[in-house]
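Encoded as structure tokens, the structure appears first; notes follow it.
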Amino acid sequence: MNPPPRELLSINTATVRKQWGLSEIIAGCARRGIRQISPWRDQVAAVGLKETAQRLRDAGVRLSGYCRGGMFPALDRAGRKAALDDNKRAVDEALMLEAPCLVLVVGGLPKDAGGRIASKDLPGARAMVRDGIGELLEHARPAGMPLAIEPLHPMYAADRACVNTMAHANDLCDELSPGANAGLGIAVDVYHVWWDPDLEREIERAGGYSGRLMAFHLCDWLVPTADLLLDRGMMGDGVIDLPLIRSWMEAAGYRGPHEVEIFSERNWWKRDPDEVLATCVARHQTVC
């Protein structure tokens, strides 16, 4: 395959969050000609919503997505309402920052006040996710903010996301928001879905007329992996066939950003952030 267009590169701010604050990330990306980022809500809160919007405008940097909403399941009605209210605030923040979508990491099994998992009812958690997304759509759709469900690897089903396959995400879109460009779609993160034998078919299902492919996240799966959350690889350092998955995305009609999202406590978070960004630029052109 030919190298991807350089202008499609985006940096999820988690990739250098241990070295830089959000203002430094915006400035650092602008220096390297990276004109898209996807920030996290806590980073935006540390700078301030209005200040972040102004810094983005001044730097000529726009968003490829906003991280994140979700975490819908809770032990009681009050907890579910609190989650919905927080998600509505996330939608409003995404609108102010002119994000193309709000990424949803939907949540796993309900937790108690101390953060401990307090239920084994996985079907019940998935029902709460379905209902929570449906309720959030009532706020997001009239406001014009698309929601992107991010299926996470099954190892996160208990604590982070009980939507674990593209098929499940597509099914939720069919149920809650059928039709073309209906305000609900999918964020495809290669780290979470590369293993799925049905991936090509489900990407095709999400593409074309339905217009559900809202985000494309890049990194790599290391063998061995030292930490299942905080040891993602830089593109080209692992076993994921990135050009193949990109070809499936493009065949399905996706022409959006390529967002590099790397959690790397043992490696990339310890490096000079300018080196990390330079490597992201180079690898995007040579191995993706």
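Whenever a residue of region 86-114 is over 20 Å from Gly211 (Cβ atoms) and touching a residue at least 24 places away in the same chain (Cβ under 8 Å), its partners that are acidic (Asp, Glu) and surrounded by 23 or more Cβ atoms within 10 Å (Cβ to Cβ), lying with C-beta atoms within less than 6 angstrom and at least six residues away or across chains, give the pairs Val105/Glu150. The residue list Val193, Val188 contains one member that is within 22 Å of Thr15 (Cβ to Cβ), among the β-branched types (Val, Ile, Thr) and in contact with a Leu (Cβ under 6 Å, 6 or more places away or on another chain), which is Val193. Note on region 26-74: residues that are crowded, with 17+ Cβ neighbours inside 10 Å, touching a Gly at 6+ places or on another chain (Cβ under 8 Å) and under 19 Å from Glu93 (Cβ atoms) total 7. Residues of region 61-120 that are within 27 Å of Ala30 (Cβ to Cβ) and assigned to a strand (DSSP E or B): Arg62, Leu63, Tyr66, Cys67, Arg68, Gly69, Leu102, Val103.
Exactly one residue out of Arg283, Arg266 is surrounded by fewer than 22 Cβ atoms within 10 Å (Cβ to Cβ), outside any helix (DSSP H, G or I), modelled with pLDDT of 95 or more and not aromatic (Phe, Trp, Tyr): that is Arg266. Checking each residue in region 221-238 for being touching a residue at least 24 places away in the same chain (Cβ under 8 Å) and not basic (Lys, Arg) picks out Trp221, Ala226, Asp227, Leu228, Leu229, Leu230, Asp231, Gly233, Met234, Met235, Gly236.
For region 172-189, filtering for residues that are in a strand (DSSP E or B), closer than 15 Å to Pro146 by Cα and not hydrophobic (A, V, I, L, M, F, W, C) leaves 1. Each residue in region 230-243 was checked for being within 14 Å of His258 (Cβ to Cβ) and either among the polar types (S, T, N, Q) or part of a loop (DSSP other than H, G, I, E, B) (or both), and 4 of them qualify. In region 128-139, the residues that are of a type in the set (Gly, Ala, Ser) form Cβ pairs under 7 Å with partners that are in a helix (DSSP H, G or I), at six or more places apart or across chains, as follows: Gly132/Arg80; Gly132/Ala83; Gly132/Leu84; Gly134/Leu176. Restricting attention to region 36-54, the residues being under 25 Å from Thr286 (Cβ atoms) and out of contact with any Asp or Glu (no Cβ under 7 Å at 6 or more places or on another chain) number 2.
Listed here are the residues, each with its yes/no results for (1) in a helix (DSSP H, G or I); (2) under 25 Å from Val16 (Cβ atoms); (3) among the small types (Gly, Ala, Ser); (4) modelled with pLDDT of 95 or more.
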position: Asn170; (1), (2), (3), (4): yes, no, no, yes
position: Glu204; (1), (2), (3), (4): yes, no, no, yes
position: Leu222; (1), (2), (3), (4): no, yes, no, yes
position: Ile245; (1), (2), (3), (4): yes, yes, no, yes
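Exactly one residue out of Lys18, Lys50 is more than 22 Å from Leu218 (Cα to Cα), basic (Lys, Arg) and not in a strand (DSSP E or B): that is Lys50. Of the candidates Leu122, Leu97, Leu152, the single residue that is surrounded by 19 or more Cβ atoms within 10 Å (Cβ to Cβ) and at pLDDT 95 or above is Leu152. So, Gly79, is that one modelled with pLDDT under 95 and over 27 Å from Phe216 (Cα atoms) or not? Answer is no for this residue.
The values are calculated or read from the model by the stated rules, or taken from the named source; none is laboratory data. Fair warning: this is a prediction, and the values are worked out from it, not measured in the lab. Backbone-built Cβ (ideal geometry, glycine too); neighbour counts: all protein chains shown.
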